[in-house]
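In what follows, a structure is listed as structure tokens, so that the remarks can point back to it.
The values are calculated or read from the model by the stated rules, or taken from the named source; none is laboratory data. Fair warning: this is a prediction, and the values are worked out from it, not measured in the lab. Cβ: placed from backbone, ideal geometry, glycine included. Neighbour counts: every protein chain shown. Quick note on the areas: whole protein, heavy atoms, side chains included, nothing else; ligands and nucleic acids left out. Shrake-Rupley method; radii C 1.70, N 1.55, O 1.52, S 1.80 Å.
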Amino acid sequence: MSVRHALLAQLAEGPKYGLQLREEFEARTGEIWPLNVGQVYTTLQRLERDGFVESDDVDSGPQKSYRITGRGEAELAEWLRTPPDMTSPPRDELVIKVLAAVRLPNVDVQEVIQVHRRRLVELMQQWTRLKEDEAQYDLGLALLLDAELYRLDSVILWLDATDARLRREAATPTPARSHDRPSPRPGRRMGARR
Amino acid sequence: MSLAVEDPPLVLGTGHGGMAARRAVIRWAWRLFRREWRQQSLVLVLLLVAVAAITVGLGAATNSASSQASSFGTADHLVTLGSTDESQLSADIDALRAAFGTAEVIQYQKVPIPGSANTIDLRAQDPNGPYGRSMLRLDSGRYPQGPDEVAVTERVAQIFGLHVGGTWDLGGRQRPVVGLVENPLNLLDRFVLAAPGQATPVDHVTVLIRATAAEFAAKTLPSGSSIELRSPEEDNSSAAVLVLATIGLLFVGLLAVAGFTVMAQRRLRALGMLGAIGASHRHIRLVMVANGAVIGTVGALAGAVLGLATWFALSTQLESSFGHRIDRFNLPWTTLLFAVLLAILTSIGASWWPARSAARVPIVSALSARPATPRPAHRFALIGAALLAVGIGCLVAAQQTKQLFIVGGVVTTALGLLLLAPVGIAVLGRLARVAPLAPRLALRDLSRYRARSGAALAAIALAVGIAAAIALTGATAVAKAAQPTGGNLPPDQLIVWLFPHAVDGAVQSLTPEQTASARLRVDAITGDLHATSVLALQAPVGKDTPQDGGGLSVVQLGKPTITSSGGERPGVEYSSKLSVRLFVATPEMLSHYGINQASIGADTDVITSKTGIDGYDLYPFGGTPPRPHLQQVSLPTYSSQPTALMTTHGMETLHLSAIPVGWLVQTPRPLTQAQIDRAQQTALAAGLVVETRPTGADLERLADNATGSGIAVALGVLVMTVGLIRSETAGDLRTLTAAGARRSTRRTLTAATAGALALLGALIGTIGAYLALGAWYHRELHWLAHVPWVNLGAILLGLPLIAYIGGWLLAGKEAPGLARQPLD
Amino acid sequence: MSVLELRGVSRVFGHGANGVVALDGVHLSVEAGTMVAVMGPSGSGKSTLLSIAGTLEKPSGGEVLIDGTRLSAMSGREQARLRRRSIGHVFQDYNLLAGFTALENVTLSLELDGMSVRRARAAGTAALDRLGLGHRASSFPSQLSGGERQRVALARALVGDCRLLLADEPTGALDSGHGEAVMRLINAACKRGVAVVVATHDAQLASWAERVVFLRDGRLVDQTAPPPGPESLLLPVTSGR
């Protein structure tokens, strides 16, 4: 998340004051991502230094008005089209926890998975409730909520897949183990219906 | 929790469902029919054809019988006055009028036909007579008036070359022909009509009278008169049609069961959904039954309309073959209504069982369109085997005569076979294990969807079974005809009779010219057949034998039976069944059979090859019937051949005279059906009758037709069911295609399904036919050794082959939309 | 009082050693106006649970109570009446009758219950209007889109005096947009006082429910905590500013 480019994008709509920028940012993200005033001003100063924005030098402080420059617009246009770095997997804490649980003896992996799954579902319930309550929510918030729900959903999907994989592993002996048991018994039959 | 109800609270119904529920369900069934009647068109068409056939059949049956009204009109007694004396006649008529009130007089005068022994009636009858009005109809011109005018029937006009407006020289009297008439109740009646009282000289007079039996018995009749009573007419013909209709509808019903089972399976998810939203079993059954009722009603009504239309179109053409005019509205309407109702009930009945099974499928299974687990086949098999045993037992007990046992036996045997059909399907499933891939899948699916494939199989088996039974009967008939002994004639002989009933009815003495002209015809026939010998047959007639309908009676040998009916004077009766035909032992006859005249005893009346006829009398004879002296000689033994000959001694002592009755023709080779047909046509043109040994060819022809029809019906059933069975498993097909199966695999699948069903049905049907006929002929099983190879080959090999090829060809056209069977 | 209560419900398919346990001692109670989601992988017994709750199947053991009445004490006919009046089913593949229009599909259960056609039509039209489908009332299912079909199915389930809505993967055949629309409608019905049970393996769907229970091999293994108060909705941003 680049605050720098988010501010640039806001200024592309027209000249704005620093405080106004902060309020608009928070409103558009449904106050999910809080932003402090200091952060706004340091970012604006850097942008001005790089020549992406310019201010009317009348006053310094909250009433100072900023507007985007030609370079700033070029920078914004390029940023919009630059893909974020997704090549290396993030070091996800949940993944590490599950991997650890699989290795550790005396730990019920499925129980661990279920704890996380429930927690994630509870989180999703909260987001969904927000979606449901905000009948007239604006587009930005809707997109943001969807993004969050899909992200959590994908984590749950991964947990489900992990769960299923572990069950299969437990049911079918690995080739190494199958030497000891020449006639592998089929796994426990699951419920017959969906 | 907060309840924010926006609508006013709903007022719910009574909760029983009731009429509203039924209406909703029936509405859906109607929509279902409108959407899917094409899938059930075979059932629809069969019902339609059945009802149409019943309608036409009822019309024909009701109108085919010639009514006594053709001679009685609307009267019920017909008095023939014997006197020819004018004054005596009018006195007799007056007496009858006085006794019975209304009496209609018809005078008859005999008009000879030149060059023929036959005569034509000149009838003096009032066209507006109180009783006889219905016996006359004017076709053109007008009715005769005055002493000379006459009207004639078309046949008479042809014979004498007459036309309306011309004159007819009748025994020197010039009579103007003023009209063409007919007896609408008997188109074969040929006569000349004159104005009332204008038949001179009168030959005899009949008087039509209406009276109850008691009234009639109370009055004295003029002496010398004879009476004919109108016998109560009972019409069994429509009952017979109705019995046939019931059997036909039973078959249609079985097909309908198959069709409705398929439909129930197709609608299973929708039915499950109905259950899920709270339809009771009864509602679900109602959907199916209502659908059956709709199909039945539409089919039956359309069939009745089609039948009526056909009847109306056909009735005029039938008039000539029935020999009387037909009132096209003279239909047994009540019986027809009954038949229509029966057809509707058949359809409803046929939908009942599938409806019941569909309602019993658990809702969850129904929602996923999983057919109910097939009931174990052996349970049905046990009942089926029991029914089969009972049916065959009935057929054995029927002894080929007891009707109730025959009908019961046939129906029970058929039902037994139908219940055994699922076992066949189960066996198919077992056989699948060793089959190649596509047939294996086809056979597995057949046994998985046993309910519908079983019904289809049953229908095929029944159609084929009936065909096979007829084919077997045909083969037996041919075999019987071909056996060396017994029967009426050897296969290489035929008799040309001069008279329609040979020597069993009235005969006439022909003039030499007539005999010669008949002989010319016979020569034409024998020439065509390259006959080796032609033997003239003469029959003995008594000079004073009672006049019977204007002809002479041939003297025969009959077994006397003493009757004491009604406690009156005991009489003697002769049964025609036990009679022996007598011919005259002419020298030609004797030399033909190598009998030396000298070897015949001086007092021998009759020489015969028959034994056990010692107590037989000669009849008919005025006075005491004489018992002839018999002598055994070697004469032929076939029943229509001359087996008993009246010797010259017999002829003389009994004062009999010989008249020609026919010719016995010997051909070099056994006669073929084609030769017989030709001879019959030639004979018919000359008013002669040909008798031969029956060849069974008619039955053979019938057997061929039945085989063809059976195969056609079986194919129809296959068309209806195989496509559906295959489309249900279209998912497998996609999987197969994805697995790299070629188009030919898909074709093989459908072809194997159709072929397997056809083969199994043909087998079951044939086995059933053999079992039934085995029971029928249980005393003479050897007849079944005569196998109708062609017919059975067509059924057992041809039908499966056609089914296979047809499946192969049609499978390519399978609609892609069938891939997934959608609910909506 | 709970609209639906399952007490130790079990369901075994087959017999003896070959028996497959689909449900094993499930306890669950659903209040009026609440939505419960049953989550679990395929074969965990979700659909069986719904079938049993909806009187489409009989449990092998345990007791089902609807509005406090034991199902085992009811005859088949009474259960059918219960389905007509109080229970609404929504299936993944809609299961609409092809020969009936949208409105007729909706009014079917009312008519089956003996309501006059006129009154049933009025109620059905109201139900369709509420789901925004008033203008499609006379369309046949084949003329409707997937989302519309599922809304018709929902209207059919909710029409009349529906107290319990059982939805089995109701959005399974729909894209996310239509799926969310259907879930909003179900949620709205729930707010009006209908008890809802949704069976799904989709967490987004399940997150609409107040309570999510987790089914695994026929057992309820876990459930979410009751919803927190509205003030805790704002969450700390955790990463990447």
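Points to keep in mind about this one:
- Only one of C:Glu78, C:Glu63 that is open to solvent by 40 Å² or more (accessible area, probe 1.4 Å), more than 7 Å from every other protein chain (Cβ to nearest Cβ) and more than 27 Å from C:Gly172 (Cβ to Cβ): C:Glu78
- Number of residues in the stretch B:502-518 that are surrounded by fewer than 14 Cβ atoms within 10 Å (Cβ to Cβ) and modelled with pLDDT under 70: the value is 1.
- Evaluation of C:Gln92 against (1) open to solvent by 10 Å² or more (accessible area, probe 1.4 Å); (2) among the polar types (S, T, N, Q); (3) within 11 Å of another protein chain (Cβ to nearest Cβ); (4) out of contact with any strand residue (DSSP E or B) (no Cβ under 9 Å at 6 or more places or on another chain) (one fails), failing number: (4)
- Scanning the stretch C:127-150 for residues that are facing another protein chain (nearest Cβ under 8 Å) and open to solvent by less than 30 Å² (accessible area, probe 1.4 Å) yields a single hit, C:Pro141.
- Selected residue (criterion: nearest to the other protein chains (Cβ to nearest Cβ)) from residues of the stretch C:22-37 that are touching a Phe, Trp or Tyr at 6+ places or on another chain (Cβ under 8 Å) and closer than 24 Å to C:Leu185 by Cβ: C:Ala37
- Looking across the stretch B:765-815, the residues that are open to solvent by less than 80 Å² (accessible area, probe 1.4 Å) and among the charged types (D, E, K, R) come down to B:Glu780, B:Glu814.
- Criterion violated by B:Val361 - all others in (1) away from every other protein chain (no Cβ under 14 Å); (2) in contact with a Pro (Cβ under 9 Å, 6 or more places away or on another chain); (3) under 28 Å from B:Ala290 (Cα atoms) satisfied: (1)
- Residue that is modelled with the lowest pLDDT, among those in the stretch A:9-26 that are open to solvent by 20 Å² or more (accessible area, probe 1.4 Å) and within 14 Å of another protein chain (Cβ to nearest Cβ): A:Glu26
- Filtering the stretch C:66-75 to residues that are open to solvent by 30 Å² or more (accessible area, probe 1.4 Å), away from every other protein chain (no Cβ under 13 Å) and not basic (Lys, Arg) leaves C:Asp67, C:Gly68, C:Thr69, C:Ser72, C:Ala73.
- Within the stretch C:44-59, residues that are part of a helix (DSSP H, G or I) have Cβ atoms under 9 Å from residues that are among the aromatic types (Phe, Trp, Tyr) and modelled with pLDDT under 90 in these pairs: C:Thr48/C:Phe13, counting only partners at least 6 apart in sequence or on another chain.
- Within the stretch B:288-299, the presence of a residue that is under 30 Å from B:Arg370 (Cβ atoms), β-branched (Val, Ile, Thr) and within 12 Å of chain C (Cβ to nearest Cβ) is excluded.
- Residue match in the stretch B:228-248 (condition: within 14 Å of chain C (Cβ to nearest Cβ), in contact (Cβ under 8 Å) with a residue 12 or more places away in the chain and part of a loop (DSSP other than H, G, I, E, B)): no
- B:Ala414 vs. criteria modelled with pLDDT under 80, surrounded by 20 or more Cβ atoms within 10 Å (Cβ to Cβ) and within 31 Å of the chain's Cα centre (by Cα): yes
Listed here are the residues, each with its yes/no results for (1) open to solvent by 40 Å² or more (accessible area, probe 1.4 Å); (2) at pLDDT below 85.
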{"position": "B:Leu249", "(1), (2)": "no, yes"}
{"position": "B:Val262", "(1), (2)": "no, yes"}
{"position": "B:His281", "(1), (2)": "yes, no"}
{"position": "B:Gly292", "(1), (2)": "no, no"}
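- Residue match in the stretch A:119-139 (condition: under 20 Å from the mean Cα position of the chain (by Cα), within 26 Å of C:Gly43 (Cβ to Cβ) and either of a type in the set (Phe, Trp, Tyr) or more than 11 Å from chain C (Cβ to nearest Cβ) (or both)): no
- Of B:Trp333, B:Trp353, all but one fail to be closer than 30 Å to B:Val305 by Cβ, out of contact with any Leu (no Cβ under 7 Å at 6 or more places or on another chain), in the same structural domain as B:Phe33 (by TED's automatic domain parsing) and free of Cβ contacts under 8 Å to residues at least 24 places away in the same chain; the exception is B:Trp333.
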